[in-house]
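In what follows, a single structure is set out as structure tokens and then discussed.
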Amino acid sequence: MDAARLISLARGSEQVDLLLTNLRLVDVISGEIFPTEIAIAGTTIAGIGFGYGGRKVLDLQNRYVCPGFIDAHVHVESSLLRPCEFARAVVPHGVTTVVSNPHEIANVCGLEGIYFMLADGKRSPLTTYVTIPSCVPATNLATSGAELSLAAIARLQAEPQVIGLGEVMDVHGLLAGDGRVLAELDRFRSQIIDGHCPGLQGRDLNAYVVAGITSDHECSTVAEAQEKLRAGISLFIREGSVAHNLEALAPMITPDNERWFSFCTDDRQPIDLQGEGSIDHLVRLAVSYGVPPLTAIRLATINPAVHFRLSDRGAVTPGRRADLIVFSDLQRLKTELVFQDGVLRARDGECLSAVAGDCAQQDAAWQMQDTVHVNWSRVDWRIPRQGPQMRVIGVVPGQLSTETLMLAPATAGGQVVADPERDVAKMMVIERHRASGRVGRGFVHGLGLQRGALASTVAHDHHNLMVVGIDNRSMKTAARTAAASGGGQAVALGDHILAHLPLPIAGLMASASLEDVCFQVGLLTAAVHTLGSPLPDPFMTMSFLGLEVIPSLKLTDRGLVDVNSQSFVPLFSAS
């Protein structure tokens, strides 16, 4: 709509397209909540106040209205849903904009994978901005399926949806002056550069910030968050399916510093999205932890909008996009109506037909469906004992970080085996991009698995084939099943498959609908529970056991990684 027409509508010279009446506006800029009316012209808020006329008038019956929510950092692929189905999961929860970093698919399919995500996302009403994945692959300590060159990054930078550089994960490379990392940073000097620096402090933190990093979503303690805040970093408080940081960080939010915080989900599985919600879940949690409701809403709206320089959204003011949420209870916000670009997209937690469309019936690009290549003849499942002690990955409940444990190995026939009595499962990461036959071998404590095995081609960020189990027979069955479907997740007991979810799109996402994926994920989780694990999301917990940029001990296809030193360490120790 041209400026002259919009000015005329704002002055009330003619009727607007939609007039919302009988409402209480949550003004995230002034900090007020007051009765008013909202005049909408096309996709834009033409005016706030009384006296407007509308071709269509909607009485909101004294309910609250606030801006549409913005997820400051999310990996759509982690939902196991393609972008157009992901929109069906989050729009009913009031999320109208996301800042997505597609580095999961970038590590598998490279540039073409990112273009697929951009194109598929455009078929939904959800506004998706993209930060270009940095450091693909994340490090040289794992084998990824693709690499993003500087030329590819330059090509992507011209896309209108791109607003910055994604989380810079190679902290060690940055601090060491790695040429590739510095070249990426230089390209985005005038744009937003997101960070990823768990546990970084002192002079190294100063150096990281000097390089141009503006945010971090990896804080898990108040002390860590306070130091990063003092360094000038905007903090994204994460509440995902595995990483739960909101309860620990909520007490540090004050009227003096709240503008520097935003909410993000990072990695959230479909059942949690459909059930608990997305950013709306974080708003409710924050309020339950003592954060004032208006402050919590700011962290979900105006704060991420300001951080990412999205001046057309994040607040309900004249000239901004008509992304709006309607709800009745300020203390326990539950979305009742969701408008995106002035169009009603969801009602009472359900997408309207205009959102649902026929996404699930559309085939993904063919080049995204042939990404699993395993040379099974070279995969050796045995682990000979080579010392009296072994390094074991220790799961930390509610966090992505792990502990490094030293345990005496359990053996049978000269081979080291799982020890369910001590909650020690066997773990293997099988290279799946180039059929090299390379396998990383180790053990993990804390999954609670007593029998059987689970396998997945979702393994952050290299996304090789990861399998954890108690016996080799079950592990082979689960791993082969996950690979045979072009990627996926599987649970096995001996020769029997207990549950299986195909993920044919890059081995990361399903081609099925939101409802079907949620059903299958429920079966997977229930199957793992029958094998003894009590974890609410065992597959996502497992997927991060191979992420070699989050402390302290991880396993990739190349071996055990001491994350703090960014070096390989042997499985066995002489002492």
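The values are calculated or read from the model by the stated rules, or taken from the named source; none is laboratory data. Bear in mind the structure is a predicted one, so any value in this text is a computation, not a measurement. Cβ: placed from backbone, ideal geometry, glycine included. Neighbour counts: every protein chain shown. Areas reflect the complete protein model, heavy atoms only, side chains present, ligands, DNA and RNA absent. Shrake-Rupley method; radii C 1.70, N 1.55, O 1.52, S 1.80 Å.
Please go through the range 134-166 and pick out each residue that is of a type outside the set (Gly, Ala, Ser), more than 30 Å from Cys351 (Cα to Cα) and outside any helix (DSSP H, G or I). Let's see the steps before the verdict.
Step one: of the range 134-166, the residues of a type outside the set (Gly, Ala, Ser) are 135-137, 139-141, 143, 147-148, 150, 153, 155-157, 159-163, 165.
If we keep only those that are more than 30 Å from Cys351 (Cα to Cα) as well, we get 135-137, 139-141, 143, 147-148, 150, 153, 155-157, 165.
Selection gives Cys135, Val136, Pro137, Thr139, Asn140, Leu141, Thr143, Glu147, Leu148, Leu165.
Would you pick out the residues in the range 423-457 that are in contact with a strand residue (DSSP E or B) (Cβ under 7 Å, 6 or more places away or on another chain) and open to solvent by 40 Å² or more (accessible area, probe 1.4 Å)?
Arg441, His445, Arg451, listed by residue number.
Answer yes or no as to whether Val209 is over 22 Å from the mean Cα position of the chain (by Cα) and among the hydrophobic types (A, V, I, L, M, F, W, C). Please lay out each step first, then the result.
On the way: over 22 Å from the mean Cα position of the chain (by Cα): yes; among the hydrophobic types (A, V, I, L, M, F, W, C): yes.
Taking the combined requirement at face value, the residue satisfies it.
Quick check: is even one residue across the range 448-467 touching a Ser or Thr at 6+ places or on another chain (Cβ under 7 Å), within 25 Å of Leu501 (Cα to Cα) and among the polar types (S, T, N, Q)?
The answer is yes; a qualifying residue exists.
Find the strands (runs of 3 or more DSSP E) located wholly in the range 369-438 whose residues include 2 or more that are within 27 Å of Pro536 (Cβ to Cβ) and under 29 Å from the mean Cα position of the chain (by Cα), and list them.
Working: elements: 389-395, 402-407, 410-412, 415-417, 424-430.
By residue number, 389-395, 402-407, 424-430.
Among the strands (runs of 3 or more DSSP E) lying completely within the range 1-66, list those that include at least 1 residues that are without any contact (Cβ under 8 Å) to a residue 60 or more places away in the chain and among the aromatic types (Phe, Trp, Tyr). Before you say what the answer is, go through the steps one by one.
On the way: elements: 16-26, 33-41, 44-48.
Fully inside the range 1-66 and qualifying: 33-41.
Within the range 349-378, which residues are at pLDDT 85 or above and touching a helix residue (DSSP H, G or I) at 6+ places or on another chain (Cβ under 8 Å)?
If the condition is that a residue be at pLDDT 85 or above and touching a helix residue (DSSP H, G or I) at 6+ places or on another chain (Cβ under 8 Å), then Gly349, Glu350, Cys351, Thr371, Val372, Val374, Trp376 are the ones that fit.
Those residues that are open to solvent by less than 50 Å² (accessible area, probe 1.4 Å), small (Gly, Ala, Ser) and out of contact with any Leu (no Cβ under 9 Å at 6 or more places or on another chain), I need them from the range 554-575; list them, please.
Once the filter is applied, which keeps residues that are open to solvent by less than 50 Å² (accessible area, probe 1.4 Å), small (Gly, Ala, Ser) and out of contact with any Leu (no Cβ under 9 Å at 6 or more places or on another chain), the range 554-575 yields only Ser573.
Scan the range 458-475 and tell me whether some residue there is among the polar types (S, T, N, Q), more than 30 Å from Asn140 (Cβ to Cβ) and open to solvent by 10 Å² or more (accessible area, probe 1.4 Å). Can you show your working first?
First, the residues of the range 458-475 that are among the polar types (S, T, N, Q): 464, 472, 474.
Keeping just the survivors that are more than 30 Å from Asn140 (Cβ to Cβ) gives 474.
Those still in the list that are open to solvent by 10 Å² or more (accessible area, probe 1.4 Å) too: none.
No, every residue in the range 458-475 fails to be among the polar types (S, T, N, Q), more than 30 Å from Asn140 (Cβ to Cβ) and open to solvent by 10 Å² or more (accessible area, probe 1.4 Å).
Anything in the range 476-515 that is open to solvent by 40 Å² or more (accessible area, probe 1.4 Å) and over 19 Å from Val429 (Cβ atoms)? List them, or say none.
In the first step, residues of the range 476-515 are kept if they are open to solvent by 40 Å² or more (accessible area, probe 1.4 Å); the result is 476, 480, 484, 493, 495-498, 500, 502, 511, 515.
If the condition is that a residue be open to solvent by 40 Å² or more (accessible area, probe 1.4 Å) and over 19 Å from Val429 (Cβ atoms), then Leu493, Asp495, His496, Ile497, Leu498, His500, Pro502, Ser511, Glu515 are the ones that fit.
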